[in-house]
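S.K.: Below: one structure in structure tokens.
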Amino acid sequence: MKRLIRFPLLSSVIILLTYGSFGWYLGSSVSDWSYWLGQKVNAYGLTMRNETFFLLIHLIAVLIILLIIIGLSIPDIILIIIFGNSFKSDSKAMITVFLWSLITVFLLRWIANVSIIFLLICSTVLAKLEMQKFNISRYQIIINLFIICFSGFGFGLLSYYEFH
């Protein structure tokens, strides 16, 4: 019982609900996306079935979840990769500012989808910080986040497909 009290239940429930709603959202919109992608690819003369895009979108969602979990486990390495040597010379700084401006435009263009990913990141950060407060080791945090995030995502996705 003492071990159960030392685990952050509220943040775990929040992350479970967040990823569950993400799974539900993905389940509700994946058929529209796969149809749209199928039409775009068929316009170029390539023939791919909508089921291929259906599976591909699910795999991309799983990849996004994995990147969020892994990205939060090693944030210092990611900052070095992103900002590494980008401001050491004037030409590199100019290219970096241009690329970040372009990324900002794309983020603002697809603000609805980006806000969903930001919500996933924020809930995962909350759970990670709460677990760190309880002195849980880094590897246990990664395993717990992996289990909670994929459980919530799978529950949301399967519940959508079960009820619709």
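The values are calculated or read from the model by the stated rules, or taken from the named source; none is laboratory data. Note that the structure is a prediction, hence the values are computed from the model and not measured. Positions of Cβ are backbone-derived with ideal geometry, glycine not excepted, and every protein chain shown enters the neighbour counts. Accessible surface is based on the protein model in full, side chains and every heavy atom, while ligands, DNA and RNA are left aside. Shrake-Rupley method; radii C 1.70, N 1.55, O 1.52, S 1.80 Å.
S.K.: First compute the accessible area of the chain with a 1.4 Å probe, then give the percent of it belonging to carbon and sulfur atoms.
M.R.: The value for the chain is 73 percent carbon and sulfur by accessible area.
S.K.: Let me ask you something else. What 222 nm value per residue comes from the helices of the chain, counting each DSSP H run with n ≥ 4 as -39,500 (n - 2.57) and dividing by all residues, nearest 500 deg cm²/dmol? Could the numbers behind the result be given before it?
M.R.: Working: 7 runs with 141 residues, N = 164.
The helix-only estimate for the chain comes to -29500 deg cm²/dmol at 222 nm.
S.K.: Let me ask another. Based on Cβ point charges of +1 for Lys and Arg and -1 for Asp and Glu, what charge dipole magnitude is obtained for the chain about its Cα centre, in debye rounded to the nearest 20? Walk me through the numbers on the way to the answer.
M.R.: On the way: 11 positive and 6 negative charges, 97 e Å.
Roughly 460 debye, rounded to the nearest 20.
S.K.: Of Cys122, Phe22, Gly156, which is farthest along the charge dipole of the chain in the positive direction, counting Lys and Arg as +1 and Asp and Glu as -1 at C-beta?
M.R.: Projecting each Cα onto the dipole axis, the largest value belongs to Cys122.
S.K.: Using a 1.4 angstrom probe, figure out how much accessible area the chain has per residue, in square angstrom, rounded to the nearest whole.
M.R.: Values: 11440 Å² over 164 residues.
Each residue of the chain exposes 70 Å² on average to a 1.4 Å probe.
S.K.: Moving on. What FRET efficiency comes out for the pair Asp32/Ile147, r = Cβ-Cβ distance, R0 = 25 Å, nearest 0.05?
M.R.: 0.25
S.K.: Kindly give Rg over Rh for the chain, based on alpha-carbon atoms, with the Kirkwood expression for the hydrodynamic radius.
M.R.: With Rh from the inverse mean 1/r over Cα pairs, Rg/Rh is 1.05.
S.K.: Taking square-rooted eigenvalues a ≥ b ≥ c of the alpha carbon gyration tensor, is region 104-164 rounded, prolate or oblate, where a/c under 1.5 means rounded and, failing that, a/b exceeding b/c means prolate?
M.R.: oblate
S.K.: Can you give me the solvent accessible area of Lys40 with a 1.4 Å probe, rounded to the nearest 10 Å²?
M.R.: 100 Å²
S.K.: Solvent-accessible area of Cys122, probe 1.4 Å, all protein chains present, reported in Å² to the nearest ten, please.
M.R.: Here the accessible area works out near 80 Å².
S.K.: Provide the descending list of Cα extents for region 17-70 along its principal axes, expressed in whole angstroms.
M.R.: 40, 23, 13
S.K.: Let me ask something additional. Based on the mean of other Cβ atoms within 10 Å per residue, sort peptides 106-115, 15-24, 52-61 so the most packed one is first.
M.R.: 15-24, 52-61, 106-115
S.K.: At 0.36 nm per residue, minus the direct Cα-Cα distance, what do Phe134 and Val105 gain on full extension? Give it in nm, one decimal, please.
M.R.: Here the answer is 6.5 nm.
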